[in-house]
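Student: Below you'll find the structure I mean.
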Amino acid sequence: PVVPTPTKAPAGRITVLIAGMDRRPGETDPGLTDSLLLLSLDRARHSGVMLSIPRDLWIEIPGHGPGRINSVYALGEQNGQGGAALLKQTVGAALGVRVDHVVRLEFNSVVTLIDAIGGVDIDVPSEINDPLYPDSAYGYAPLYIPAGRLHRDGTLALKYMRTRHSGNDFARAARQQQVLTAARYKITQPGVWPGFIKSVPNLIAQLQTAVVTDVNLSDLLDLAQQARDVPDGALRTAVLDGRYVVDYVTPEGAQVLLPLKDRLSTIVNDVFETGQAPATPEAEMARVRVLNGTAQTGLAARTTDLLSKRGFNMAGAGNADRFNYAQTQLVDHAGRPATVKALADLLKVAPGNVVYRPDPAAPAEVEIILGADFTLPTQ
């Protein structure tokens, strides 16, 4: 496939590729990095972006020919080039960005890190019933997570991130971003960050084999501090989903995803060259739909009328899947951060209740699910 030409990273930006390796306890061979996420922080603009890359993306691997992107790290380890080095080179060429560092982690390290901050609070939009969730011995450990806002420890947060119950890798990537965003929000709370810093020596001892990186400890903590300090609304999340890739079957019969060059270049240029979202909701022209998740009759219609008068591009009102939402949620289906921020500010939606859930077939780019905590703003 044709890929963009690599570009230079703008001054003040640092980009780290986080590679999650699905390797069971006791396994020593280089595993597949089934979770790939670029975290890019712009220190000059005090903004950031998380960009998830699908594991089945079919790209040109330097020195190896075309292949799945999740196999790159293992190839680099096997041929002596180094998994991190080949991964940086491959992803940089495929997306046209400079990758400064790689953090490769095994999934059990996620459990340790999330437990170190006391867990996270996650809003699950619909129940998860996954009877085929894998255990650590090549068997199954059926997983059930109810809908609603629940506190998650590291073990349950990891299961939420890994399950493929929806059959869609894009949705799994969005859940991973949701957990990471919730973790970032958690460490901004009073008292959490100092406690986390104190736990670092113990974490290093626990994670010395589970996390491999070319970033030294002081720089890694500095990156964590920068991610923590990005203002709410200035951290954009995006997934290379069905808008940017197309299904493809290789001559050998493998089902993979080919990048759509023009569309991929558009999102990459937006994220890594400008580093910021459109300045106003008017520029995004996002369609907004209001769904009533409460027992108050007519609340969605009244909210729609108010937002229309405030200048938002409304796409109607309706009922949510249930009427017992405790908290109001904002769901971004298409990467419309300026619209989402304006709505969150106006409707007083907490950062932890803003969810990125990519869905090209959604009837609106942004949906508001009204909860029991919602109060209609006064004119």
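The values are calculated or read from the model by the stated rules, or taken from the named source; none is laboratory data. Since we're looking at a predicted model, the values are computed, not measured. Note that we place each Cβ from the backbone using ideal geometry, even for glycine, and neighbour counts take in every protein chain shown. When the accessible area is computed, the model is the full protein with side chains, heavy atoms only, and any ligands, DNA or RNA have been set aside. Shrake-Rupley method; radii C 1.70, N 1.55, O 1.52, S 1.80 Å.
Student: How many of the residues making up the stretch 269-291 are open to solvent by less than 10 Å² (accessible area, probe 1.4 Å) and modelled with pLDDT of 80 or more?
Tutor: Summing the residues that are open to solvent by less than 10 Å² (accessible area, probe 1.4 Å) and modelled with pLDDT of 80 or more in the stretch 269-291 gives 3.
Student: On to the next question. Please tell me if residue 104 is among the basic types (Lys, Arg), modelled with pLDDT of 85 or more and under 19 Å from the mean Cα position of the chain (by Cα).
Tutor: yes
Student: Which members of the stretch 171-190 meet the condition of being among the polar types (S, T, N, Q), in a helix (DSSP H, G or I) and either without any contact (Cβ under 8 Å) to a residue 40 or more places away in the chain or under 16 Å from residue 128 (Cβ atoms) (or both)?
Tutor: Selection gives 176, 178.
Student: Might you let me know whether the stretch 155-170 holds any residue that is open to solvent by less than 60 Å² (accessible area, probe 1.4 Å), without any contact (Cβ under 8 Å) to a residue 40 or more places away in the chain, assigned to a helix (DSSP H, G or I) and not polar (S, T, N, Q)?
Tutor: yes
Student: Tell me whether the stretch 253-263 contains one or more residues that are modelled with pLDDT under 75, of a type in the set (A, V, I, L, M, F, W, C) and closer than 25 Å to residue 364 by Cβ.
Tutor: No, that holds for no residue.
Student: Which residues, counting only those in the stretch 340-378, are of a type in the set (Ser, Thr, Tyr) and touching a Leu at 6+ places or on another chain (Cβ under 9 Å)?
Tutor: The answer is 375, and nothing else.
Student: For the stretch 123-154, which positions are part of a strand (DSSP E or B), of a type outside the set (S, T, N, Q) and either over 18 Å from residue 184 (Cβ atoms) or modelled with pLDDT of 90 or more (or both)?
Tutor: 124, 128, 130, 134, 140, 143, 144, 145, 148, 150, 151, 152
Student: Now, a different point. Counting only residues that are buried (at least 16 other Cβ atoms within 10 Å of the Cβ) and out of contact with any strand residue (DSSP E or B) (no Cβ under 6 Å at 6 or more places or on another chain), which one in the stretch 233-259 is farthest from residue 56 (Cα to Cα)?
Tutor: Only one residue fits best here, namely 233.
Student: Filter the stretch 340-366 for residues that are among the hydrophobic types (A, V, I, L, M, F, W, C) and farther than 21 Å from residue 318 by Cβ; which is surrounded by the fewest Cβ atoms within 10 Å (Cβ to Cβ)? Give the derivation first.
Tutor: Residues of the stretch 340-366 that are among the hydrophobic types (A, V, I, L, M, F, W, C), as a first pass: 340, 342-344, 346-347, 349-350, 354-355, 361-362, 364, 366.
From what's left, farther than 21 Å from residue 318 by Cβ: 342, 350.
Working: 342: 23, 350: 15.
Among those residues, the one meeting the criterion is 350.
Student: Which pairs turn up if I take residues in the stretch 252-267 that are within 15 Å of residue 93 (Cα to Cα) and free of Cβ contacts under 8 Å to residues at least 60 places away in the same chain and look for partners that are open to solvent by 50 Å² or more (accessible area, probe 1.4 Å) and in a strand (DSSP E or B) with beta carbon separation below 8 Å, at least 6 apart in sequence or on another chain?
Tutor: Taking only residues 6 or more apart or on different chains, the pairs are 260/246.
Student: Here is a further query. Looking at (1) within 28 Å of residue 267 (Cα to Cα); (2) open to solvent by 40 Å² or more (accessible area, probe 1.4 Å), which one does residue 337 not meet, given that it meets all the others?
Tutor: Here residue 337 clears every test but (2).
Student: Only residues that are modelled with pLDDT under 75 and either touching a Gly at 6+ places or on another chain (Cβ under 9 Å) or part of a strand (DSSP E or B) (or both): list them for the stretch 21-46, please.
Tutor: Within the stretch 21-46, 22, 23, 24, 30 meet the criteria.
Student: Under the condition of being open to solvent by 80 Å² or more (accessible area, probe 1.4 Å) and more than 20 Å from residue 108 (Cα to Cα), which residue from the stretch 189-215 is nearest to the chain's Cα centre (by Cα)?
Tutor: Looking at residues that are open to solvent by 80 Å² or more (accessible area, probe 1.4 Å) and more than 20 Å from residue 108 (Cα to Cα), I get 190.
Student: Then there is this: So residue 59 clears everything in (1) farther than 22 Å from residue 355 by Cα; (2) out of contact with any helix residue (DSSP H, G or I) (no Cβ under 7 Å at 6 or more places or on another chain) except one condition, right? Which one?
Tutor: Only one criterion in (1) farther than 22 Å from residue 355 by Cα; (2) out of contact with any helix residue (DSSP H, G or I) (no Cβ under 7 Å at 6 or more places or on another chain) is unmet by residue 59, namely (2).
Student: Continuing with this model, one more query. Could you give every pair whose Cβ atoms fall below 9 Å, whose first residue belongs to the stretch 126-149 and is of a type in the set (Val, Ile, Thr), and whose second residue is in a loop (DSSP other than H, G, I, E, B) and open to solvent by less than 80 Å² (accessible area, probe 1.4 Å), counting only separations of at least 6 or pairs across chains?
Tutor: Between residues of the stretch 126-149 that are of a type in the set (Val, Ile, Thr) and residues that are in a loop (DSSP other than H, G, I, E, B) and open to solvent by less than 80 Å² (accessible area, probe 1.4 Å), the close pairs are 128/146; 128/147; 128/163; 128/165; 128/166; 145/163.
Student: Looking at the stretch 68-81, is at least one residue within 27 Å of residue 163 (Cα to Cα), among the small types (Gly, Ala, Ser) and either modelled with pLDDT under 90 or touching a strand residue (DSSP E or B) at 6+ places or on another chain (Cβ under 7 Å) (or both)?
Tutor: no
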